[in-house]
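Just below is one structure, and these are the notes that go with it.
The values are calculated or read from the model by the stated rules, or taken from the named source; none is laboratory data. Not measured: the values here are computed from a predicted model. Positions of Cβ are generated from backbone atoms using ideal geometry, with glycine treated the same way; all protein chains shown enter the neighbour counts.
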Amino acid sequence: MKVYLDHNATTPLHPEVKKEMIKAMEMFGNPSSMHDFGREARQSIENSRKTIAEFINAATDEIIFVGSGSEANNTVFNLTACCSSLECSASCNHRKGIITTSIEHPCIIESSKCLAERGMKINYLKVDKYGKIDIEQLTELLKEKPALVSVMIANNEIGTIQDMDTIIKLVHDAGALFHTDAVQAVGKILVDVKAMNIDFLSFSAHKIYGPKGVGALYVRKGVPFCPFIRGGHQEQGRRAGTENTLGIIGMAKAIEMRKLEMAEEAKKLAKLRAHLKKGLLENLADIQINGHPEDCLYSTLNVSFNGVEGEAILLYLDLEGIAVSTGSACSSGSLDPSHVLLATGATPELAHGSIRFSLGRDTSKQEIDYVIEKTTKIINKLRKMSTVYIK
Amino acid sequence: MSDWVYSDIVKKHFMEPQNILDDKEDFQADGKGTVGNVKCGDEMMFAIKVDKEKNILTDCRWKTYGCASAIASTSILSEAVKGMTLDEAFNVSPKDIAQKLGGLPEHKIHCSVLGDKALRAAINDYYTKNNMLSKVKKDKAKIICQCMNVTDHEIEDAVLEGVRSMIELQEHTKLGTVCGQCKEQANELMNTYIKKHFA
């Protein structure tokens, strides 16, 4: 049996997306060309932009297509460095500095480190044991008048969803711009950029059954902008490079399918997640469910298994045909456990022994039963050989 | 993770690790050693039985909190050392084990060192318990960088963890960052260890 429970890493193409993309493969015109071939491609891109913009309640000219969620995030961090410079036309009232969180995706953490080396003040918000950011600390740090605050809506490792309304109100009251990495949120929970009052929002296609290599950045009308990739007039001069027509069409189709399937799927997956959680808790002692007990993605279940190392669990599950991921990366040679779990105050042992199960639209009850059975067997086996699990 | 292109032997030992200590069995160890710690992500315990007249390692058991490479390499180590004299067992190198496993990805070598270290600790424990203190092979660490107090062992560990250049070595150990006098010697040592483990 093959069971794929790594949907937060990436998802298979939705069959409808695949059909749509195969159809579109014949279309090769450069969307910037004035002739018929180009106009056809341009039309497809603009139709796609409309579908995608509507889904998050943005205007069409507020959507910029990019190569990935990481590129979208990098673009925002890069422009913040730029608009803090007095000479740049994208000046943010000469505000400087960024506040972000200690549980962001590595593309945010690394961008922050790079900006810090270039002299920008970066503050990282602490989180509580469930992964929720420290609102008091945010309030305090906002007094330093930063240019930007960046907080992800839903965490990729533990699934915790932040209290966005409270956070965004504080940020705007303090006069800063607000960016969110919504890669794990868009297409899973409702995201409305107008109602939520968001300035920048990054999302990507391949986490929601679309193709890899395409994402989008929402930039609210009127906020300062400076391109990350220069040298072309594409995307209103905001992102140079010939558009990925095929990817964009795939992304729009994926979003269209989300509109149709999201609500039903949420109900189904919430049940399956509860079933998995219950099964593991019943079968195994000394395990810990990570993430917020209520405000958590319905498709993400992060579990720490006391006394065993994550990579060993992952590879035993792999041999049984089950695909999951772990926050413990022994492969890098650094043995650093998940920065997210450490930020929640987990002990190194629990952080090293964590497994993320992320469910998707094809996940079935039969599969979850198989996963519960195999995981139980594997954890018991590993605990028997563990130096630290003595029972 | 795509490096899980381990040989069939690694897979076999990972699936069915040999000589794991079962808590229910009454394994009377003559020597026991534990190395690593959970904070760093791996820990290993090795226990040995010794034929005291012939100085031969007759049987062994182990346990670990470690990754797939640590499990597979310690399993094969535990098979290999049975019947060896204590001197022979003490001198088994991580390279020998990696070879027996049909090769490990380079960044995984450090995981396979753990079983080896635990075995040496067990042998030293046996010597200590049996009043053979002269046989105890202390890991005589020599300080290379006087300013930052960095030893040759730390340089070797850094190499096993993937360090390949002076810059990386300095980032890793902070050696040579004050007066800088030790840099030449450290560089030589680093190259010796790279040759020893990875040539």
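Of all positions in the stretch B:96-104, at least one carries a residue that is loosely packed, with under 15 Cβ neighbours inside 10 Å, on the phi < 0 side of the Ramachandran plot and more than 13 Å from the chain's Cα centre (by Cα).
When only residues in the stretch A:205-232 that are touching a Ser or Thr at 6+ places or on another chain (Cβ under 6 Å) and in a strand (DSSP E or B) count, which is farthest from A:Leu246 (Cα to Cα)? By that ranking, first place goes to A:Leu217.
Considering the conditions (1) closer than 14 Å to A:Leu5 by Cα; (2) of a type outside the set (D, E, K, R); (3) surrounded by fewer than 19 Cβ atoms within 10 Å (Cβ to Cβ), A:Val303 is excluded by exactly one of them, (3). When restricted to residues that are touching a strand residue (DSSP E or B) at 6+ places or on another chain (Cβ under 9 Å), of a type in the set (Ser, Thr, Tyr) and farther than 21 Å from B:Gly41 by Cβ, the stretch B:146-184 contains 2. Would you check if A:Arg239 is in a loop (DSSP other than H, G, I, E, B) and buried (at least 20 other Cβ atoms within 10 Å of the Cβ)? So A:Arg239 fits the description; yes. Checking A:Thr376 against (1) under 30 Å from B:Phe46 (Cβ atoms); (2) within 14 Å of another protein chain (Cβ to nearest Cβ), which test does it fail? Among (1) under 30 Å from B:Phe46 (Cβ atoms); (2) within 14 Å of another protein chain (Cβ to nearest Cβ), the lone unmet condition for A:Thr376 is (2). Let me confirm something: among A:Ile379, A:Ile355, which residue is of a type in the set (A, V, I, L, M) and within 20 Å of A:His7 (Cα to Cα)? Checking each option against the conditions leaves just A:Ile355.
Mind checking whether some residue in the stretch A:290-304 is within 14 Å of chain B (Cβ to nearest Cβ), within 24 Å of the chain's Cα centre (by Cα) and closer than 30 Å to B:Glu161 by Cβ? Scanning the stretch A:290-304 turns up at least one residue that is within 14 Å of chain B (Cβ to nearest Cβ), within 24 Å of the chain's Cα centre (by Cα) and closer than 30 Å to B:Glu161 by Cβ.
Counting only residues that are part of a loop (DSSP other than H, G, I, E, B), touching a helix residue (DSSP H, G or I) at 6+ places or on another chain (Cβ under 6 Å) and not acidic (Asp, Glu), the stretch B:143-176 holds 4 of them. Give me the residue from the stretch B:74-93 that is touching a residue at least 60 places away in the same chain (Cβ under 8 Å) and within 14 Å of chain A (Cβ to nearest Cβ) and, out of that set, surrounded by the fewest Cβ atoms within 10 Å (Cβ to Cβ). Among them, the one singled out is B:Ser78. Scanning the stretch B:48-70 for residues that are of a type in the set (A, V, I, L, M) and touching a helix residue (DSSP H, G or I) at 6+ places or on another chain (Cβ under 6 Å) gives B:Ile48, B:Val50, B:Leu57, B:Ala68, B:Ala70. One residue is enough: does the stretch A:354-371 have a residue meeting the conditions at pLDDT below 95, farther than 28 Å from A:Ala254 by Cβ and assigned to a loop (DSSP other than H, G, I, E, B)? No. One residue stands out among those in the stretch A:341-352 that are within 21 Å of A:Ala323 (Cα to Cα) and under 22 Å from the mean Cα position of the chain (by Cα): the one that is surrounded by the most Cβ atoms within 10 Å (Cβ to Cβ), which is A:His352. Across the stretch B:116-124, not a single residue is classified as more than 30 Å from B:Val50 (Cα to Cα) and of a type outside the set (Gly, Ala, Ser). Taken as a whole, the structure leaves A:Val303 outside the set of residues that are part of a loop (DSSP other than H, G, I, E, B), farther than 25 Å from A:Phe55 by Cβ, outside the structural domain of A:Ile56 (by TED's automatic domain parsing) and touching a strand residue (DSSP E or B) at 6+ places or on another chain (Cβ under 9 Å). Just one of the listed residues (A:Ala59, A:Ala41, A:Ala53, A:Ala72) is under 23 Å from A:Leu115 (Cα atoms) and at pLDDT 95 or above, namely A:Ala72. Residue count for the stretch A:198-226 satisfying the condition of being hydroxyl-bearing (Ser, Thr, Tyr) and either outside the structural domain of A:Glu20 (by TED's automatic domain parsing) or in contact with a Gly (Cβ under 7 Å, 6 or more places away or on another chain) (or both): 2. Do we have any residue at all in the stretch B:153-166 that's at pLDDT 85 or above, surrounded by 22 or more Cβ atoms within 10 Å (Cβ to Cβ), out of contact with any Gly (no Cβ under 9 Å at 6 or more places or on another chain) and over 22 Å from A:Asp336 (Cβ atoms)? No, the conditions are met nowhere in the stretch B:153-166.
Taken together, the residues in the stretch A:155-175 that are in a helix (DSSP H, G or I) and either within 11 Å of the chain's Cα centre (by Cα) or among the aliphatic types (A, V, I, L, M) (or both) amount to 5. Taking the stated definitions as given, is B:Phe27 touching a Lys or Arg at 6+ places or on another chain (Cβ under 7 Å), of a type in the set (Phe, Trp, Tyr) and over 21 Å from A:Arg383 (Cβ atoms)? No, not satisfied.
Within the stretch B:33-52, residues that are farther than 24 Å from A:Asn306 by Cβ and within 11 Å of another protein chain (Cβ to nearest Cβ) reach no partner that is part of a helix (DSSP H, G or I) and aliphatic (A, V, I, L, M) with beta carbons closer than 8 Å at six or more positions or on different chains. Of all residues in the stretch B:53-73, which are within 14 Å of chain A (Cβ to nearest Cβ) and surrounded by fewer than 22 Cβ atoms within 10 Å (Cβ to Cβ)? Within the stretch B:53-73, just B:Arg61 meets the criteria. Scanning the stretch A:306-330 for residues that are free of Cβ contacts under 8 Å to residues at least 40 places away in the same chain and either surrounded by 20 or more Cβ atoms within 10 Å (Cβ to Cβ) or assigned to a helix (DSSP H, G or I) (or both) yields a total of 7.
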